[in-house]
Amino acid sequence: MNKVYFTKIDSISKTEEINKVILNLFQKIQSEKKIIDFSKPIPLKVHFGEDNCITFIESKNFKELIDYLKKKSKAKSTPTLPNVYFTETNVLYKGKRTTKESHTKLAKEHGFTQLPIIIADGEMGENYTEIKINKPPAKHFTSCKIGKVIANSDQLILIAHFKGHMMAGFGGAIKQLAMGCAARGGKLAMHAQSKPILNPLECKKCFTCSKNCPTEACIIDTLVPHIDYSKCIGCAKCLAVCPHNAMKINWASTLPGDFEEKLAEYAYAAQKGKKVIYISFALNITKDCDCMGKVQKPIAKDIGVFASTDPIALDWACLDLLNANEKKKVFRGEHALEHAEKLGFGSKEYELIELE
């Protein structure tokens, strides 16, 4: 039975207290299991928050952890791989987090300035590593497209925000592992079919997609512009670069339960071969995720901060305490955790240990 450490925090506004708690939780796990190797680069997987979102977890809430890691690090920093850094992947949809340049700019505007920023899947989602997984027990994938910088690291500190999500039910450590570490093509594969659709009526034949397609699958110089699916690899770069929104996501194959299972399989791939410390903020708990470009209000009382080496146990603990606090079931989404448990990288059985 894996341990989940927890400290109560009754308000997101208690920044100084939260900082001390985060560092304490990290040091507790590190002292017991020696997860992080300070002689190697240390990636902090975070979520920078979409434009107009104000309830994402700001880096000021774990600045003490950042300072601690910077002091402890013995890794040699290089221009391409700093010793400690923030990392994130580009999103599938159009917005300020679609490309590396605008994504990084937004992150800095949102206060993520204490460390260098590395967008793990490159400028437009093209840099990824295929991580192989076994089918079965996986049902949907034999390999997953994980942002190359994350895939190439053998350790990770993952900082998640526990909140709602319209498709997954809730987002926590598993979703942060899966959607957060997947390259754009991986996000496409989880959300729907792994290849986009070109609407010829909206195509202006500007050739932007064909110039950026790595396999020459975008066929534009023809009567009816289309995608050659025999060449398409599902990288979704065309979705990012099309200036006329002619490239579409194919939602047709997203059936009930499929999305949660796909999340679990991508989460498994993202952590495969890694040592990971997971930290979840059950604060600013909103109905929808931080990818929503709008102002949201919390729908539940602040609970506190959780940490573990088991993302499944961590998410179950967050759900359990949320339901107990609110005296009702707030979010669905347990199916993703059940499928993740079948994949064998965690358990819903946990021991909750409260730290002062």
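Some observations on this one:
- Footprinting exposure proxy ranking of 46, 224, fewest other C-beta atoms within 10 angstrom first, gives 224, 46.
- Maximal additional length on extending the residue 1-residue 114 stretch stands at 37.1 nm, based on 0.36 nm per residue less the C-alpha distance.
- On a per residue basis, the convex hull of the C-alpha atoms belonging to segment 263-356 measures out at 118 Å³.
- Applying a threshold of 25 Å to the alpha-carbon distances of 45/132; 105/148; 33/187; 108/301 flags 33/187; 108/301 as lying beyond it.
- Sparse-neighbourhood loop sites, trypsin sites (Lys or Arg not before Pro) in segment 259-356 - DSSP loop, at most 14 other Cβ within 10 angstrom: 294, 301, 327, 328, 329, 332
- Segment 179-236: trypsin sites (Lys or Arg not before Pro) in DSSP loop, at most 15 other beta carbons within 10 Å: 204, 205, 231
- Rounded Å value of the spacing that divides the Cα centres of segment 253-320 and segment 55-89: 21 Å
- Whether segment 193-250 is rounded, prolate or oblate, judged on the alpha carbon gyration tensor where a/c under 1.5 counts as rounded: rounded
- Between helix 258-271 and the chain: long-axis angle, C-alpha atoms, 0 to 90°, nearest 10: 70 degrees
- Degrees between helix 15-33 axis and first principal axis of the chain (Cα, 0 to 90, nearest 10): 90 degrees
- Over the chain: helical MRE at 222 nm, DSSP H runs n ≥ 4 each giving -39500 (n - 2.57), nearest 500: -9000 deg cm²/dmol
- Computed from the C-beta positions of residue 74 and residue 33, the FRET efficiency with R₀ = 30 Å rounds to 0.95.
- In segment 217-304, the chymotrypsin sites (Phe, Trp or Tyr not before Pro) that fall in loop regions by DSSP, at most 15 other Cβ within 10 Å: 229, 251
- Förster radius 41 Å - calculated FRET efficiency between residue 226 and residue 139 (Cβ-Cβ, nearest 0.05): 0.85
- Sorted on the mean count of surrounding Cβ atoms within 10 Å across their residues, most packed first, peptides 306-318, 68-80 read 306-318, 68-80.
We did not get these values from a lab; they are worked out from the coordinates using the rules stated. All figures in this text were calculated on a predicted structure; none of them were measured in a lab. Positions of Cβ are generated from backbone atoms using ideal geometry, with glycine treated the same way; all protein chains shown enter the neighbour counts.
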